[in-house]
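The values are calculated or read from the model by the stated rules, or taken from the named source; none is laboratory data. Bear in mind that the values here come from a model prediction, so they are computed numbers and not experimental data. Cβ: placed from backbone, ideal geometry, glycine included. Neighbour counts: every protein chain shown. Ligands, DNA and RNA are excluded from the accessible area calculation, which covers all protein heavy atoms including side chains. Shrake-Rupley method; radii C 1.70, N 1.55, O 1.52, S 1.80 Å.
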Amino acid sequence: MTESTLPRHIAIVMDGNGRWARQRFLPRMAGHQSGVEAARRIVKCCAKKNIKVLSLFAFSRENWRRPDQEVGYLMQLFLKSLEREVGMLHENNIQLRFIGDRQNFNPKLCDKIFEVENLTRANSGMILIMAMDYGGQWDICQATRQLAVQVERGELSSAAITPDHITSKLSFADLPDPDLFIRTSGELRLSNFMLWQLAYAELYFTNTLWPDFDEQALEAALSHFAGRERRFGQSSSDKPPLLGE
Ligand code: FPP
(Lines give C-alpha, C1' and ligand atoms only; values in the text may rest on other atoms or scores of the structure.)
Protein backbone atom coordinates (compact mmCIF):
# COMPACT_ATOMS: atom_id res chain seq x y z
CA MET A 1 0.00 0.00 0.00
CA THR A 2 1.43 3.39 -0.96
CA GLU A 3 1.36 6.46 1.22
CA SER A 4 -1.26 8.06 -1.07
CA THR A 5 -3.78 5.25 -0.56
CA LEU A 6 -3.49 5.39 3.22
CA PRO A 7 -6.09 7.29 5.23
CA ARG A 8 -4.76 10.40 6.93
CA HIS A 9 -7.14 9.98 9.85
CA ILE A 10 -8.54 6.69 11.17
CA ALA A 11 -11.33 6.75 13.76
CA ILE A 12 -12.08 3.54 15.66
CA VAL A 13 -14.98 2.41 17.82
CA MET A 14 -13.34 -0.33 19.88
CA ASP A 15 -16.21 -2.68 20.56
CA GLY A 16 -16.51 -6.23 21.86
CA ASN A 17 -14.38 -6.36 25.01
CA GLY A 18 -17.26 -7.77 27.04
CA ARG A 19 -18.13 -10.48 24.49
CA TRP A 20 -14.46 -11.42 24.16
CA ALA A 21 -14.33 -12.00 27.92
CA ARG A 22 -17.65 -13.87 28.00
CA GLN A 23 -16.47 -16.27 25.28
CA ARG A 24 -13.56 -17.15 27.58
CA PHE A 25 -15.64 -17.33 30.79
CA LEU A 26 -13.67 -14.36 32.10
CA PRO A 27 -14.96 -11.26 33.89
CA ARG A 28 -15.73 -8.24 31.66
CA MET A 29 -12.76 -6.45 33.20
CA ALA A 30 -10.40 -8.99 31.62
CA GLY A 31 -11.89 -8.02 28.26
CA HIS A 32 -11.17 -4.35 28.91
CA GLN A 33 -7.63 -5.21 30.00
CA SER A 34 -7.06 -7.06 26.71
CA GLY A 35 -8.72 -4.13 24.93
CA VAL A 36 -5.98 -1.87 26.23
CA GLU A 37 -3.33 -4.26 24.83
CA ALA A 38 -5.09 -4.16 21.43
CA ALA A 39 -5.13 -0.35 21.54
CA ARG A 40 -1.41 -0.32 22.33
CA ARG A 41 -0.71 -2.60 19.32
CA ILE A 42 -2.79 -0.53 16.92
CA VAL A 43 -1.28 2.78 18.09
CA LYS A 44 2.20 1.42 17.38
CA CYS A 45 1.17 -0.02 13.98
CA CYS A 46 -0.46 3.24 12.87
CA ALA A 47 2.52 5.31 13.99
CA LYS A 48 4.85 2.98 12.08
CA LYS A 49 2.71 3.40 8.96
CA ASN A 50 2.84 7.21 9.25
CA ILE A 51 -0.90 7.59 9.78
CA LYS A 52 -1.29 11.26 10.73
CA VAL A 53 -4.22 10.99 13.14
CA LEU A 54 -5.70 8.03 15.02
CA SER A 55 -8.84 8.54 17.09
CA LEU A 56 -10.01 5.97 19.62
CA PHE A 57 -13.43 6.03 21.23
CA ALA A 58 -12.48 5.00 24.76
CA PHE A 59 -15.54 6.14 26.73
CA SER A 60 -18.80 7.55 25.47
CA ARG A 61 -21.21 9.81 27.32
CA GLU A 62 -23.60 6.86 27.33
CA ASN A 63 -20.98 4.62 29.02
CA TRP A 64 -21.69 6.34 32.37
CA ARG A 65 -24.88 4.25 32.40
CA ARG A 66 -22.87 1.05 32.94
CA PRO A 67 -22.76 -0.45 36.44
CA ASP A 68 -20.76 1.69 38.91
CA GLN A 69 -18.26 -1.11 39.41
CA GLU A 70 -17.43 -1.30 35.69
CA VAL A 71 -17.21 2.50 35.33
CA GLY A 72 -14.90 2.64 38.36
CA TYR A 73 -12.72 -0.10 36.93
CA LEU A 74 -12.52 1.63 33.53
CA MET A 75 -11.47 4.92 35.14
CA GLN A 76 -8.71 3.10 37.05
CA LEU A 77 -7.66 1.34 33.86
CA PHE A 78 -7.46 4.62 31.92
CA LEU A 79 -5.33 6.17 34.66
CA LYS A 80 -3.00 3.17 34.90
CA SER A 81 -2.71 2.90 31.10
CA LEU A 82 -1.78 6.57 30.84
CA GLU A 83 0.83 6.19 33.57
CA ARG A 84 2.24 3.10 31.90
CA GLU A 85 2.15 4.24 28.27
CA VAL A 86 3.15 7.87 28.45
CA GLY A 87 6.84 6.98 28.00
CA MET A 88 6.15 4.82 24.93
CA LEU A 89 3.99 7.53 23.37
CA HIS A 90 6.56 10.24 24.00
CA GLU A 91 9.46 8.10 22.71
CA ASN A 92 7.49 7.45 19.52
CA ASN A 93 7.00 11.20 19.04
CA ILE A 94 3.22 10.78 19.40
CA GLN A 95 1.09 13.73 20.45
CA LEU A 96 -1.79 12.77 22.71
CA ARG A 97 -4.99 14.79 22.80
CA PHE A 98 -8.22 14.19 24.67
CA ILE A 99 -11.62 15.23 23.40
CA GLY A 100 -14.81 15.19 25.40
CA ASP A 101 -16.25 16.70 28.55
CA ARG A 102 -13.71 16.40 31.37
CA GLN A 103 -15.92 17.64 34.18
CA ASN A 104 -17.01 14.22 35.38
CA PHE A 105 -13.57 12.59 35.68
CA ASN A 106 -11.91 12.37 39.07
CA PRO A 107 -9.21 14.98 39.77
CA LYS A 108 -6.38 12.43 39.55
CA LEU A 109 -7.38 11.38 36.03
CA CYS A 110 -7.91 15.02 34.99
CA ASP A 111 -4.43 15.94 36.27
CA LYS A 112 -2.87 13.03 34.39
CA ILE A 113 -4.65 13.96 31.16
CA PHE A 114 -3.42 17.54 31.52
CA GLU A 115 0.14 16.35 32.27
CA VAL A 116 0.30 13.94 29.31
CA GLU A 117 -1.14 16.49 26.89
CA ASN A 118 1.44 19.03 28.02
CA LEU A 119 4.32 16.59 27.83
CA THR A 120 3.51 15.46 24.28
CA ARG A 121 2.23 18.78 22.92
CA ALA A 122 5.31 19.52 20.81
CA ASN A 123 5.63 16.00 19.39
CA SER A 124 5.50 16.06 15.61
CA GLY A 125 4.61 12.43 14.84
CA MET A 126 1.19 10.82 14.87
CA ILE A 127 -1.62 12.57 16.75
CA LEU A 128 -3.53 10.19 18.98
CA ILE A 129 -6.98 11.41 19.95
CA MET A 130 -8.60 9.73 22.91
CA ALA A 131 -12.32 10.40 22.99
CA MET A 132 -13.48 10.16 26.61
CA ASP A 133 -16.87 11.24 27.90
CA TYR A 134 -17.31 12.19 24.27
CA GLY A 135 -20.34 12.16 22.01
CA GLY A 136 -20.82 13.58 18.52
CA GLN A 137 -24.03 15.33 19.56
CA TRP A 138 -22.26 16.82 22.60
CA ASP A 139 -19.53 18.15 20.28
CA ILE A 140 -22.01 19.78 17.89
CA CYS A 141 -23.89 21.18 20.87
CA GLN A 142 -20.82 22.77 22.48
CA ALA A 143 -19.83 24.23 19.09
CA THR A 144 -23.34 25.68 18.66
CA ARG A 145 -23.20 27.19 22.14
CA GLN A 146 -19.94 28.97 21.27
CA LEU A 147 -21.49 30.42 18.11
CA ALA A 148 -24.60 31.47 20.03
CA VAL A 149 -22.40 33.47 22.40
CA GLN A 150 -20.84 35.23 19.40
CA VAL A 151 -24.32 36.01 18.06
CA GLU A 152 -25.42 37.33 21.49
CA ARG A 153 -22.41 39.62 21.56
CA GLY A 154 -23.19 40.91 18.10
CA GLU A 155 -19.95 39.50 16.67
CA LEU A 156 -21.73 37.21 14.22
CA SER A 157 -25.09 37.39 12.49
CA SER A 158 -27.20 34.22 12.67
CA ALA A 159 -27.90 34.45 8.92
CA ALA A 160 -24.16 34.35 8.20
CA ILE A 161 -23.57 30.99 9.92
CA THR A 162 -22.19 28.33 7.55
CA PRO A 163 -21.05 24.75 8.10
CA ASP A 164 -17.49 26.13 8.29
CA HIS A 165 -18.40 28.15 11.37
CA ILE A 166 -19.65 24.99 13.09
CA THR A 167 -16.60 23.00 11.98
CA SER A 168 -14.31 25.67 13.40
CA LYS A 169 -15.75 25.23 16.90
CA LEU A 170 -15.69 21.43 17.04
CA SER A 171 -13.08 19.36 18.87
CA PHE A 172 -9.91 18.95 16.75
CA ALA A 173 -11.00 21.61 14.20
CA ASP A 174 -7.34 21.97 13.22
CA LEU A 175 -7.05 18.34 12.08
CA PRO A 176 -8.38 16.53 8.99
CA ASP A 177 -11.69 14.71 9.36
CA PRO A 178 -11.50 10.90 9.53
CA ASP A 179 -11.14 9.23 6.11
CA LEU A 180 -11.71 5.78 7.53
CA PHE A 181 -14.08 4.72 10.31
CA ILE A 182 -13.61 1.26 11.80
CA ARG A 183 -15.97 -0.51 14.18
CA THR A 184 -15.22 -3.93 15.56
CA SER A 185 -17.50 -6.69 16.88
CA GLY A 186 -20.08 -6.78 14.09
CA GLU A 187 -22.24 -3.86 15.26
CA LEU A 188 -23.29 -1.61 12.37
CA ARG A 189 -23.66 1.69 14.21
CA LEU A 190 -21.79 4.98 14.63
CA SER A 191 -22.92 5.21 18.26
CA ASN A 192 -22.67 8.99 18.35
CA PHE A 193 -18.96 9.12 17.43
CA MET A 194 -17.74 12.21 15.53
CA LEU A 195 -21.09 12.60 13.73
CA TRP A 196 -20.21 15.83 11.93
CA GLN A 197 -16.64 14.85 11.04
CA LEU A 198 -17.57 11.41 9.66
CA ALA A 199 -19.72 12.91 6.90
CA TYR A 200 -17.48 11.60 4.09
CA ALA A 201 -15.61 8.81 5.85
CA GLU A 202 -15.42 5.30 4.44
CA LEU A 203 -17.15 2.97 6.89
CA TYR A 204 -15.58 -0.38 7.70
CA PHE A 205 -17.22 -2.94 9.96
CA THR A 206 -15.61 -6.19 11.05
CA ASN A 207 -16.84 -9.08 13.19
CA THR A 208 -13.46 -9.26 14.94
CA LEU A 209 -13.82 -8.38 18.62
CA TRP A 210 -11.63 -5.46 19.71
CA PRO A 211 -9.16 -7.48 21.87
CA ASP A 212 -8.44 -9.64 18.79
CA PHE A 213 -7.92 -6.67 16.46
CA ASP A 214 -4.29 -6.92 15.39
CA GLU A 215 -1.94 -5.76 12.63
CA GLN A 216 -3.50 -8.21 10.15
CA ALA A 217 -7.00 -6.95 10.93
CA LEU A 218 -5.80 -3.38 10.46
CA GLU A 219 -4.25 -4.34 7.10
CA ALA A 220 -7.62 -5.74 6.00
CA ALA A 221 -9.30 -2.43 6.86
CA LEU A 222 -6.59 -0.45 5.05
CA SER A 223 -6.91 -2.66 1.94
CA HIS A 224 -10.66 -2.07 1.96
CA PHE A 225 -10.00 1.68 2.15
CA ALA A 226 -7.40 1.60 -0.64
CA GLY A 227 -9.95 -0.07 -2.91
CA ARG A 228 -12.66 2.53 -2.39
CA GLU A 229 -13.33 5.39 -4.77
CA ARG A 230 -14.03 8.50 -2.71
CA ARG A 231 -16.17 10.97 -4.64
CA PHE A 232 -17.18 13.54 -2.02
CA GLY A 233 -20.55 13.87 -3.81
CA GLN A 234 -19.02 14.45 -7.23
CA SER A 235 -19.02 12.15 -10.24
CA SER A 236 -16.03 9.86 -10.61
CA SER A 237 -14.32 11.95 -13.31
CA ASP A 238 -14.15 15.28 -11.45
CA LYS A 239 -13.38 14.20 -7.89
CA PRO A 240 -10.47 15.85 -6.04
CA PRO A 241 -7.20 13.94 -5.59
CA LEU A 242 -7.65 11.15 -3.04
CA LEU A 243 -5.87 12.76 -0.15
CA GLY A 244 -5.29 16.20 -1.53
CA GLU A 245 -1.54 16.27 -1.00
C1 FPP B 1 -16.01 -1.74 24.33
O2 FPP B 1 -16.39 -3.03 24.62
C3 FPP B 1 -15.32 -1.16 25.48
C4 FPP B 1 -15.32 0.11 25.88
C5 FPP B 1 -16.03 1.19 25.18
C6 FPP B 1 -14.60 0.48 27.13
C7 FPP B 1 -13.24 1.08 27.05
C8 FPP B 1 -12.26 0.62 26.05
C9 FPP B 1 -11.11 -0.06 26.35
C10 FPP B 1 -10.78 -0.47 27.73
C11 FPP B 1 -10.13 -0.40 25.27
C12 FPP B 1 -9.04 0.58 25.05
C13 FPP B 1 -8.63 1.48 26.13
C14 FPP B 1 -7.74 2.52 26.04
C15 FPP B 1 -7.30 3.21 27.28
C16 FPP B 1 -7.17 2.97 24.76
P17 FPP B 1 -17.79 -3.38 25.33
O18 FPP B 1 -17.61 -3.38 26.81
O19 FPP B 1 -18.83 -2.44 24.83
O20 FPP B 1 -18.00 -4.85 24.82
P21 FPP B 1 -19.37 -5.63 24.58
O22 FPP B 1 -20.18 -4.80 23.61
O23 FPP B 1 -18.92 -6.93 23.98
O24 FPP B 1 -20.02 -5.77 25.91
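Condition check: among the acidic types (Asp, Glu) and open to solvent by 30 Å² or more (accessible area, probe 1.4 Å). Does Asp139 satisfy that?
Numbers: among the acidic types (Asp, Glu): yes; open to solvent by 30 Å² or more (accessible area, probe 1.4 Å): no.
Criteria not met by Asp139.
Could you list, in sequence order, the residues of the stretch 196-208 that are open to solvent by 20 Å² or more (accessible area, probe 1.4 Å) and hydrophobic (A, V, I, L, M, F, W, C)? Those that are open to solvent by 20 Å² or more (accessible area, probe 1.4 Å) and hydrophobic (A, V, I, L, M, F, W, C): Trp196, Ala199, Leu203, Phe205. Remark: pairs (first residue in the stretch 217-235, aliphatic (A, V, I, L, M); second residue at pLDDT below 95; Cβ separation under 7 Å; 6+ apart in sequence or on different chains) = Leu222/Met1; Ala226/Met1; Ala226/Thr5. When the stretch 1-39 is filtered for residues that are under 22 Å from Phe172 (Cβ atoms) and near the ligand (Cβ under 7 Å from one of its atoms), the ones remaining, listed by number, are Met14, Asp15, Ala39. Of the residues examined, Phe105 is one that is more than 18 Å from the chain's Cα centre (by Cα) and aromatic (Phe, Trp, Tyr).
All conditions but one from (1) within 8 Å of the ligand (Cβ to nearest atom); (2) within 14 Å of the chain's Cα centre (by Cα); (3) aliphatic (A, V, I, L, M) apply to Ile42; the one that does not is (1). Checking each residue in the stretch 146-195 for being exposed (fewer than 10 other Cβ atoms within 10 Å of the Cβ) and among the hydroxyl-bearing types (Ser, Thr, Tyr) picks out Ser157, Ser158, Thr162. For Lys80, state whether it is over 16 Å from the mean Cα position of the chain (by Cα), among the charged types (D, E, K, R) and near the ligand (Cβ under 10 Å from one of its atoms). Against the criterion (over 16 Å from the mean Cα position of the chain (by Cα), among the charged types (D, E, K, R) and near the ligand (Cβ under 10 Å from one of its atoms)), Lys80 qualifies. When each of Met88, Met75, Met130, Met126 is tested for being among the hydrophobic types (A, V, I, L, M, F, W, C) and modelled with pLDDT under 95, the lone residue that passes is Met88.
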